[in-house]
Amino acid sequence: MTARHLLEVTDLSAAELEQVIALSVAPIAALGAPLRGQGAALIFEKPSNRTRQSMEMAVVQLGGHPVYTRGDEIGFDIRESVEDVTRIMDGYHHLLAARVFDHSIVERMANVSSVPVVNMLSDRSHPLQALADVLTMTQQWGTLGGRTVAYVGDYNNVARSLARACLMLGAQVRLGCPVGHDASADELEILDGIAHGAISQFADPADAVRGADAVHTDTWTSMGQENEKALRRAIFSTYQVDDALMALASPTAVFMHCLPAYRGDEVAASVIDGPRSIVLQQGHNRMHASRGLLAFLVGVRP
Ligand code: CP
Ligand code: NVA
């Protein structure tokens with residue numbers, strides 16, 4: 001059987017995404033320890049708190065043994081090729097997962113791997129985050145169908161995966177992003193083609209947030225962009241999610257952020273630390289969503 005990979009949430013069908021959510025909330029014992037006696041390689045080219053911790057614990061909860069490795073120990077295409085790394089590691093492990101700068105690395109891994117490859121964040125996408133995000137919103141509302149999800153700020157890896165996952169589950173997605181850091185026309189066309197949701201984009205964050213059921217944001221400066229920090233702060237300064245912006249959302253709207261958060265930049269402390277914030281539930285769901293996803297990839301079905 002060909003291995004299933006997760007490089008982006010759209011590697012799942014909408015029905016499969018629902019199955020992953022169901023597995024994420026299933027009792028751990030019901031999953032049957034599908035990784036018992038098996039290894040899972042977790043390779044990180046960038047720092048991580050949530051992704052490393054939640055993936056290690058998800059592997060343990062499925063009966064497996066996680067092996068954390070820093071990217072510079074492996075040296076993709078420096079010490080040896082991505083393909084050689086992958087074809088050796090898939091003989092040791094039942095799963096390979098990587099956080100990389102360049103998305104093409106996880107694509108090349110998936111091209112040659114005999115076991116599932118999971119993208120733990122690349123320059124293009126962050127599907128594990130999106131799984132936790134839609135799990136969290138499903139817990140809030142029961143279903144995303146008919147709900148409005150706003151994303152304010154940089155149209156980055158987190159935003160791309162979040163938009164796809166929400167659209168797959170039937171939400172309306174409204175982006176509020178500055179010109180030049182927004183979804184391109186080609187990207188909007190792709191998003192528009194994802195059933196069953198609806199996508200729209202605004203330069204004014206107020207237009208994106210008005211009436212929304214959830215307001216998401218992320219850092220203005222992603223890992224690898226640190227030398228652009230001052231410039232980005234200037235570009236995004238009117239895109240902070242503060243109390244005035246949240247006041248435009250639905251009275252029951254929740255605030256969400258993948259973390260790490262920079263209070264006073266993309267979000268006001270009063271919002272992220274306030275009563276509408278569900279960022280801790282969202283962060284804790286990273287482990288449950290990863291467990292559901294890994295179980296799915298090795299063949300468990302709800
Ligand atoms: N949200 C997220 O991926 O966090 P880490 O970078 O800490 O893993
Ligand atoms: N967009 C951020 C997400 C961090 C979890 C980054 O890529 O650094």
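The values are calculated or read from the model by the stated rules, or taken from the named source; none is laboratory data. As the structure is a prediction and not an experimental result, all values here were calculated from the model. Backbone-built Cβ (ideal geometry, glycine too); neighbour counts: all protein chains shown. These accessible areas exclude ligands, DNA and RNA; they are computed on the full protein's heavy atoms, side chains included. Shrake-Rupley method; radii C 1.70, N 1.55, O 1.52, S 1.80 Å.
Before moving on, here are some points about what is shown:
- Flag for Val82 being over 23 Å from Met223 (Cα atoms) and among the β-branched types (Val, Ile, Thr): no
- Taken residue by residue, segment 131-144 has at least one member that is over 23 Å from Met223 (Cβ atoms), in contact with a strand residue (DSSP E or B) (Cβ under 8 Å, 6 or more places away or on another chain) and modelled with pLDDT of 95 or more.
- Flag if Ser104 is within 30 Å of Tyr155 (Cβ to Cβ), in contact (Cβ under 8 Å) with a residue 24 or more places away in the chain and among the polar types (S, T, N, Q): no
- Checking Ala15, Ala29, Ala41 one by one, the residue that is part of a strand (DSSP E or B) and more than 16 Å from ligand 2 (Cβ to nearest atom) is Ala41 and no other.
- Some residue of segment 154-176 being in contact with a Phe, Trp or Tyr (Cβ under 7 Å, 6 or more places away or on another chain), under 19 Å from Ala208 (Cβ atoms), among the hydrophobic types (A, V, I, L, M, F, W, C) and touching a residue at least 60 places away in the same chain (Cβ under 8 Å): no
- Cβ pairs under 6 Å, 6+ apart, first in segment 209-233 and under 18 Å from Gly264 (Cα atoms), second within 14 Å of ligand 2 (Cβ to nearest atom) and part of a helix (DSSP H, G or I): Asp218/Val158; Trp220/Arg232; Thr221/Lys229; Thr221/Arg232
- Just one of the listed residues (Val112, Val106, Val100) is within 26 Å of Leu167 (Cβ to Cβ) and more than 12 Å from ligand 2 (Cβ to nearest atom), and it is Val106.
- When Ala30 is tested against (1) within 23 Å of Thr138 (Cβ to Cβ); (2) open to solvent by 20 Å² or more (accessible area, probe 1.4 Å); (3) in contact with a helix residue (DSSP H, G or I) (Cβ under 7 Å, 6 or more places away or on another chain), just one condition goes unmet, and that condition is (3).
- Single condition Leu6 does not satisfy, out of (1) within 16 Å of ligand 1 (Cβ to nearest atom); (2) buried (at least 17 other Cβ atoms within 10 Å of the Cβ); (3) farther than 28 Å from His196 by Cβ: (3)
- Checked against the criterion of being within 14 Å of ligand 2 (Cβ to nearest atom), under 30 Å from Leu12 (Cβ atoms), in contact with a helix residue (DSSP H, G or I) (Cβ under 9 Å, 6 or more places away or on another chain) and not β-branched (Val, Ile, Thr), segment 245-256 has at least one qualifying residue.
- Residue in segment 45-57 that is assigned to a helix (DSSP H, G or I), surrounded by 19 or more Cβ atoms within 10 Å (Cβ to Cβ) and more than 13 Å from ligand 1 (Cβ to nearest atom) present: no
- The condition (being farther than 30 Å from Ser250 by Cβ and under 15 Å from the mean Cα position of the chain (by Cα)) is satisfied by just one residue among Arg79, Arg124, Arg87, Arg70: Arg124.
- Matching residues in segment 228-286 - criterion: being in a helix (DSSP H, G or I), within 16 Å of ligand 1 (Cβ to nearest atom) and either open to solvent by 50 Å² or more (accessible area, probe 1.4 Å) or in contact with a Lys or Arg (Cβ under 8 Å, 6 or more places away or on another chain) (or both): Ile272, Leu280, Gln281, Gly283, His284, Arg286
- Taking every residue in segment 42-62 that is closer than 17 Å to Ala261 by Cα and of a type outside the set (S, T, N, Q) and pairing it with any residue that is part of a helix (DSSP H, G or I) and more than 11 Å from ligand 1 (Cβ to nearest atom), at least 6 positions away or on another chain, the pairs with Cβ-Cβ distances below 8 Å are Lys46/Gly71.
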